[in-house]
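The structure appears right after this line, and notes come after that.
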Amino acid sequence: MRILLVEDEPGIANFIRQGLSEAGYAVDIARDGCEGLDYALAVEYDVLVLDIMLPKLDGLALLRELRRHGDHTLTIILTARDGVGDRVEGLDTGADDYLVKPFAFSELLARVRALLRRPPLQMGTILQVGDLAMDTVKREVKRNGSLVELSPREYAVLEYLMRHPDQVLTRTQIGEHVWNLDFYNESNVVDVYVGYLRRKLARHGDLPLIQTVRGVGYRIRTEAAE
Ligand code: CA
């Protein structure tokens with residue numbers, strides 16, 4: 001899952017990025033509102049974490065502009081303690097949630113997870129595809145009841161596939177949702193990670209779950225292919 005963080009204070013931005021990266025998210029940072037709007041319109045993010053007080057274009061103006069373009073990316077706004085007006089205006093503008101600064105990082109993580117549970121994404125904290133179950137709170141994957149040990153990147157690729165069951169996802173889509181801007185489409189990094197995943201999943205069940213769609217990308221099947 002890929003997150004855009006729009007925050008001009010470097011200390012806060014780096015702290016949040018580090019925490020989200022450790023939790024397995026791909027994170028890009030924009031340092032002002034104009035840059036944030038450019039990134040948000042150019043890349044399909046899963047969640048936007050948006051500070052309100054920003055240089056060039058404030059967070060509310062950014063959000064308004066984004067929604068005007070028909071972009072409904074799930075958005076959490078970060079507001080000051082006394083910014084009741086900002087919170088009300090933010091929610092009215094189409095923010096999905098807010099956090100008051102300073103906040104505990106664990107709360108931001110919980111809110112990101114809560115947003116990702118909303119429709120049209122799968123509901124609930126457990127994603128289930130065939131004999132495969134992913135607990136998105138514990139970050140645990142089990143196949144036929146036995147634990148599958150995954151690296152954070154492998155987990156992230158699998159989570160993206162499992163949130164879009166039976167949908168064909170291109171290498172670019174997978175790459176863009178799992179890696180940050182340092183990801184280049186030329187590389188075969190997606191194929192490499194799908195290979196790792198298949199090997200690990202095969203240890204706990206026979207039927208292949210991740211299907212190659214030749215010339216396009218990959219698809220996880222709710223009913224395993226023959
Ligand atoms: Ca700020």
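Before moving on, here are some points about what is shown:
- Checking residue 131 against (1) assigned by TED's automatic domain parsing to the domain that holds residue 179; (2) of a type in the set (Asp, Glu); (3) surrounded by 21 or more Cβ atoms within 10 Å (Cβ to Cβ), the condition it does not meet: (3)
- Residue in the range 73-93 that is farthest from residue 41 (Cα to Cα), counting only those that are open to solvent by less than 20 Å² (accessible area, probe 1.4 Å) and modelled with pLDDT under 90: 83
- Test: residue in the range 84-99 that is basic (Lys, Arg) and under 19 Å from residue 178 (Cβ atoms): no
- Residue ID - least open to solvent (accessible area, probe 1.4 Å), chosen from residues in the range 17-43 that are in a helix (DSSP H, G or I) and among the charged types (D, E, K, R): 35
- Residue 112 satisfies every condition listed in (1) touching a residue at least 24 places away in the same chain (Cβ under 8 Å); (2) open to solvent by 30 Å² or more (accessible area, probe 1.4 Å) except (2).
- Flag for residue 148 being modelled with pLDDT of 95 or more, farther than 19 Å from residue 21 by Cα and outside the structural domain of residue 39 (by TED's automatic domain parsing): yes
- Residue match in the range 24-34 (condition: among the β-branched types (Val, Ile, Thr), within 16 Å of the ligand (Cβ to nearest atom), closer than 17 Å to residue 98 by Cα and assigned by TED's automatic domain parsing to the domain that holds residue 82): no
- Any chance residue 49 is among the β-branched types (Val, Ile, Thr), within 16 Å of the ligand (Cβ to nearest atom) and outside any loop (DSSP other than H, G, I, E, B): yes
- A search for C-beta distances below 8 Å between a residue of the range 46-63 that is acidic (Asp, Glu) and open to solvent by 10 Å² or more (accessible area, probe 1.4 Å) and any residue that is within 12 Å of the ligand (Cβ to nearest atom) and part of a loop (DSSP other than H, G, I, E, B), counting only pairs 6+ apart in sequence or on different chains, returns 58/52.
- Index of the failed condition, residue 106 passing every other in (1) away from the ligand (no atom under 16 Å from the Cβ); (2) touching a Leu at 6+ places or on another chain (Cβ under 8 Å): (2)
- Residues within the range 74-98 that are closer than 21 Å to residue 12 by Cβ and either of a type in the set (Gly, Ala, Ser) or touching a strand residue (DSSP E or B) at 6+ places or on another chain (Cβ under 6 Å) (or both), tallied: 16
Every residue, every condition in (1) more than 16 Å from the ligand (Cβ to nearest atom); (2) in a helix (DSSP H, G or I); (3) at pLDDT below 95, yes or no:
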position: 4; (1), (2), (3): no, no, no
position: 15; (1), (2), (3): no, yes, yes
position: 45; (1), (2), (3): yes, no, yes
position: 53; (1), (2), (3): no, no, yes
position: 71; (1), (2), (3): yes, no, yes
position: 95; (1), (2), (3): no, no, yes
position: 98; (1), (2), (3): no, no, yes
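- Test: residue in the range 177-189 that is open to solvent by less than 10 Å² (accessible area, probe 1.4 Å), closer than 27 Å to residue 19 by Cα and modelled with pLDDT under 90: yes
- Some residue of the range 160-175 being among the acidic types (Asp, Glu), buried (at least 20 other Cβ atoms within 10 Å of the Cβ) and touching a strand residue (DSSP E or B) at 6+ places or on another chain (Cβ under 8 Å): no
The values are calculated or read from the model by the stated rules, or taken from the named source; none is laboratory data. Bear in mind that the values here come from a model prediction, so they are computed numbers and not experimental data. Quick reminder, even Gly has a Cβ in these numbers, built from the backbone with ideal geometry, and neighbours come from all protein chains shown. Just the protein is used for accessible areas: all its heavy atoms, side chains included, with ligands, DNA and RNA removed. Shrake-Rupley method; radii C 1.70, N 1.55, O 1.52, S 1.80 Å.
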